[in-house]
Amino acid sequence: MNVLSRPQAAGSEAGAGSPPRAWQTEDAARGCLGRAVDALVALQHPQGWWKGELETNVTIDAEDLLLREFLGIRTAEQTASSARWIRSRQREDGTWANFHGGPPDLSTTVEAYVALRLAGDPVDAAHMRSAARFIHSCGGVERTRVFTRIWLALFDLWSWDELPTLPPELIFLPSFVPLNIYDFGCWARQTVVALTVVSAHRPAHTIGFGIDELRSGLAAAAPEPLSSWAGRFQALDRVLKAYERHQVKFVRRAALSRAERWIVRRQEADGSWGGIQPPWVYSLIALSLQGYALEHPVMRAGIEGLDGFTIEDDAGRRIEACQSPVWDTALAVTALADGGFAPGDPVLRSAARYLLAEEISVKGDWSVRRPDLRPAGWAFEFANDYYPDIDDSAEVVIALGRTDEPAGAAVDRAVIWIEGMQCRDGGWGAFDVDNTRTLCRELPFCDFGELIDPPSADVTAHVVEMLAKLGRSEDAVDRGVQWLLRSQEEDGSWFGRWGANHVYGTGAVVPALIAAGLEIDDPAVRQAVSWLEGHQNSDGGWGEDLRSYRDYSQRGCGPSTASQTAWALLALLAAGERSEATHNGVAYLIATQREDGSWDEPFFTGTGFPGDFYINYHLYRLVFPVTALGRFVNGEAHG
């Protein structure tokens with residue numbers, strides 16, 4: 001279904017290398033939008049939702065094979081297909097990266113190598129030799145991250161004695177004591193609890209091969225001074241190791257029992273834990289070590305649930321680390337509404353009914369710090385009732401407002417819940433309130449990924465935009481706006497926690513500030529516009545390489561992508577910019593659109609853990625350009 005009139009226009013008619021004339025851009029943009037809208041509508045599931053593939057790096061696939069080996073359920077067919085996929089991601093230098101075009105990653109390469117050894121690839125094969133050379137050049141397995149060495153320890157390829165201690169007694173710490181499990185972000189919390197059980201059992205399954213060829217012989221790094229947090233935690237680890245040798249047995253049994261119950265209570269309807277891979281696989285391993293047979297309903301549901309996260313095609317078998325149907329559906333509804341769909345269109349109403357059915361009605365871990373707050377909101381995944389998130393909830397409310405499906409009661413509940421989750425400083429995190437204990441980052445086993453959930457510009461912006469459009473919660477909006485203004489970088493941009501990176505953050509914040517009542521000539525808005533215009537590529541698009549999370553000089557720099565170009569355009573259009581930069585950005589989308597209405601986007605533009613784990617949301621390359629083109633063609637009067 002397409003509600004747009006679409007002239008036969010594709011690409012810029014202004015001539016190569018010259019800026020397109022306004023009327024030419026707008027005429028061609030209408031046709032480009034129509035094709036993109038058709039492509040997006042065609043992807044809607046009969047039940048009303050959208051879900052694009054969520055692509056990550058091969059550690060997910062390697063760890064799936066290792067999990068299945070540990071549980072004794074790995075099949076030859078699964079192994080061959082997964083190995084084919086892992087090999088297909090190896091680069092010419094023998095390495096694997098964490099994102100398309102990224103630098104080689106030692107731990108990812110080690111995990112991929114071990115998985116291929118499990119699949120039968122010989123050590124003297126050319127691709128294995130090249131991988132081993134890289135591993136040696138980086139210091140060998142001795143220099144991998146802790147989580148990689150935990151996987152090796154499971155198969156007696158690394159000593160548990162040489163890993164940081166994770167005592168299950170951690171589960172006994174009350175929520176007001178530093179480093180209790182609720183000090184961790186929800187994704188880390190579930191992983192840590194499961195790993196305490198695994199660490200207590202110290203399993204060492206025989207895998208049938210060694211990895212001496214990956215060892216460099218490097219000694220462990222020298223201890224850090226006690227004047228540093230790292231040194232203090234190293235000293236604490238030595239104390240904990242002594243406790244492991246002389247543990248109080250009844251306390252250990254009680255801790256394992258409580259951790260086991262904690263894990264089981266948080267299994268979701270689809271068999272997952274948190275709807276994401278890390279706590280899922282570690283929870284299965286932990287429960288197996290606690291004596292749960294494969295036939296146990298909890299184990300059976302967990303293992304069978306993985307099938308729903310599995311994609312298999314000619315390239316091989318791969319696992320999605322997560323799935324995003326609620327997020328994708330909310331974004332798709334907003335995009336189609338901006339593209340010209342009427343509120344009563346059956347496509348939007350079907351999506352709204354799906355979203356309303358996904359409303360959360362049970363209390364989750366967020367209630368530890370907000371015990372009197374009634375449950376509401378939405379999660380990211382098909383099933384994640386214990387962990388609704390504020391970002392999804394804000395976007396769902398915005399999307400429901402673009403349809404005429406009756407949703408007032410659900411919206412009211414969500415607004416109350418979201419307002420109740422505002423942090424003390426006025427911002428919003430993704431899953432928890434005031435989850436800001438930075439001490440968690442100093443723990444010796446925490447060398448991979450963000451562990452806490454502090455307020456971020458992108459989540460705060462989405463909430464401010466939602467509340468402002470509803471005309472609700474003026475005090476909460478004002479505090480959110482002040483938080484955003486305080487968090488603006490000196491260069492005029494905003495950091496992007498869940499998308500790459502400053503282009504994403506800036507693309508979210510500017511529309512929110514305008515919705516909240518800031519004038520387009522406000523200094524914060526003008527600074528942001530200037531930053532975006534200063535980082536536009538010569539092809540008219542925008543891109544930001546994920547290295548910008550570690551290298552500030554890379555902010556706003558990278559090959560143009562459709563999704564990042566759309567984010568920049570959303571900010572410029574909200575700021576009233578019908579400028580040459582805006583027209584050139586639209587012309588980039590027109591010129592790079594594929595015949596099927598979508599765009600090519602091999603680059604990862606989503607963020608799991610800044611600096612460590614990234615995502616290619618396959619729907620981003622379509623849904624955000626539709627939103628931007630729709631606002632360009634139809635104007636900014638939306639919502």
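The numbers here are math on the coordinates, done by the rules we state, and not lab data. Nothing here was measured: the structure is a model prediction, and the numbers come from that model. Backbone-built Cβ (ideal geometry, glycine too); neighbour counts: all protein chains shown.
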Most to least packed among 409-415, 245-251 [average Cβ atoms within 10 Å]: 409-415, 245-251
Charges on Cβ only, +1 for Lys and Arg, -1 for Asp and Glu, centred on the Cα centroid of the chain; of L195, P346, W50, which one is farthest towards the dipole's positive end? L195
Starting from the Cα-Cα distance between S530 and D161, subtract it from 0.36 nm times their residue separation and give me the gain in nm to one decimal. 127.5 nm
Placing +1 at every Lys and Arg Cβ and -1 at every Asp and Glu Cβ, with all other atoms neutral, what dipole size does the range 58-159 have around its Cα centre, in debye to the nearest 20? 120 debye
Which GluC sites (Glu not before Pro) does the range 556-623 hold that lie in a coil by DSSP with at most 14 other beta carbons within 10 Å? E595
Run the numbers for L439 and L173: contour at 0.36 nm per residue of separation, minus the present Cα-Cα distance, in nm. 94.2 nm
So what is the 222 nm mean residue ellipticity for the chain from helices alone, if each DSSP H run of at least 4 adds -39500 (n - 2.57) and you divide by all residues, rounding to the nearest 500 deg cm²/dmol? -15000 deg cm²/dmol
Treat every Asp and Glu Cβ in the chain as -1 and every Lys and Arg Cβ as +1, leave all other atoms uncharged, and give the resulting dipole magnitude about the Cα centre to the nearest 20 debye. 1620 debye
Estimated distance in nm for a label pair at R353 and A126, the labels positioned 7 Å out from Cα along Cα-to-Cβ: 5.7 nm
Value of Rg/Rh across the range 28-81 [Cα atoms, Kirkwood radius]: 1.29
Between L619 and residues 5 or more places away or on another chain, which pairs have amide H atoms under 5 Å apart, with H built 1.01 Å from N, and which residues are they? G52, E53
Quick one: which residues, 5 or more positions from D389 or on another chain, have an amide H under 5 Å from its amide H? H modelled 1.01 Å from N in the peptide plane, none for Pro or chain starts. W378, A379, F380
Which ordering of E92, E381 is given by a fewest-first count of other beta-carbon atoms within 10 Å? E92, E381
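Going by C-beta contacts inside 10 Å, put W567, W483, W273 in order with the fewest on the left. Before the final figure, lay out each step's value.
Details: W567 33, W483 20, W273 28.
So the ranking, lowest neighbour count to highest, is W483, W273, W567.
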Dipole magnitude of the range 467-581, debye to nearest 20 (Cβ charges: Lys/Arg +1, Asp/Glu -1, about Cα centre): 400 debye
If I model a spin label as a point 7 Å beyond the Cα along the Cα-Cβ vector, how far apart are those points for W229 and R369 in nm? 1.6 nm
If neighbour count is taken as other Cβ atoms inside 10 Å, put S82, S257 in order from fewest to most. S257, S82
Spin-label model distance (nm) - H201 vs S137, 7 Å beyond Cα toward Cβ: 3.9 nm
Output wanted: per-residue J couplings in Hz (rounded whole) for the range 127-139, from phi through Karplus 6.51 cos²θ - 1.76 cosθ + 1.60, θ = phi - 60°, x for Gly and Pro. 5, 7, 4, 5, 5, 5, 4, 5, 4, 4, 5, 9, x
The set of residues whose placed amide H lies less than 5 Å from the amide H of D404, leaving out same-chain residues fewer than 5 positions away, is G344
With θ taken as phi - 60° and the coefficients 6.51, -1.76 and 1.60, list the Karplus ³J(HN,Hα) couplings across the range 606-617 in order, rounded to whole Hz; mark glycine and proline as x. x, 10, x, 10, x, x, 9, 9, 10, 9, 9, 7
For the range 460-465, Karplus couplings with θ = phi - 60° (6.51, -1.76, 1.60), whole Hz, Gly/Pro x: 4, 5, 5, 5, 4, 4
Which Cα, out of F134, I60, Q90, lies furthest along the positive dipole direction of the range 58-159 (beta carbon charges, K/R +1, D/E -1)? F134
How large are Rg and Dmax for the range 48-199 when only the alpha carbon atoms are used, in Å? 17.5, 54
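How much FRET efficiency would the formula 1/(1 + (r/R0)^6) give for E474 and D212, where r is the Cβ-Cβ distance and R0 is 51 Å, rounded to 0.05?
Approximately 0.20, to the nearest 0.05.
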Hey, if you put +1 on the Cβ of every Lys and Arg and -1 on every Asp and Glu Cβ in the chain, which of L116, W531, A476 ends up farthest toward the positive end of that dipole? L116
